[in-house]
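Below is one structure, written out as structure tokens, with a few remarks after it.
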Amino acid sequence: QVQLVESGGGLVQPGGSLRLSCAASGSISSIYVIGWYRRPPGKQRELAAIIFDDGSTKYADSVKGRFTISGDNAKSTVYLQMNSLKPEDTGFYFCHVTSRLGAFWGQGTQVTVSS
């Protein structure tokens, strides 16, 4: 099993920044992909960014150049640095891992971009 706890969400003005954290515990060595997903209001969940165990990353076109996903192995934590935030970035953000033991989701954290 892998447990995930997200933090760092909140209310920010357009153009502002937030950094989300996803702390993993449990069978961490089994993880090979970690991603940040988001669910905008009234819409389906979508992938924002993903990082593989080799350090490679992928981003949704809508966040490229503004969001950066990174990992700190010593802290078993993955971050999502979000800059130049837009109102359309508003949503519930979830951390997700794919591991040899299966797929796991965190409880999510709300991000609201509004003036």
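Name the single residue, out of those in region 83-109 being among the polar types (S, T, N, Q) and in a strand (DSSP E or B), that is farthest from Ser7 (Cα to Cα).
So, considering only residues that are among the polar types (S, T, N, Q) and in a strand (DSSP E or B), the one farthest from Ser7 (Cα to Cα) is Ser99.
Scan region 19-39 for residues that are open to solvent by 30 Å² or more (accessible area, probe 1.4 Å) and either closer than 14 Å to Val78 by Cα or not in a strand (DSSP E or B) (or both) and report the count.
Residues meeting the conditions: 8.
Taking Leu80 as the residue in question, decide whether it is in a loop (DSSP other than H, G, I, E, B) and at pLDDT 95 or above.
No: the conditions fail for Leu80.
Is it true that some residue in region 50-61 is free of Cβ contacts under 8 Å to residues at least 60 places away in the same chain, outside any strand (DSSP E or B), within 21 Å of Asp89 (Cβ to Cβ) and among the acidic types (Asp, Glu)?
yes
Taking only region 62-115 into account, find how many residues are touching a residue at least 40 places away in the same chain (Cβ under 8 Å), of a type in the set (D, E, K, R) and surrounded by fewer than 18 Cβ atoms within 10 Å (Cβ to Cβ).
Number of matching residues: 4.
The values are calculated or read from the model by the stated rules, or taken from the named source; none is laboratory data. In this text, all values refer to a predicted model and were calculated from it rather than measured experimentally. Using ideal geometry, Cβ is built from the backbone for each residue, glycine included, and neighbour counts are taken over all protein chains shown. Only protein heavy atoms, including side chains, enter the accessible area calculation; ligands, DNA and RNA are left aside. Shrake-Rupley method; radii C 1.70, N 1.55, O 1.52, S 1.80 Å.
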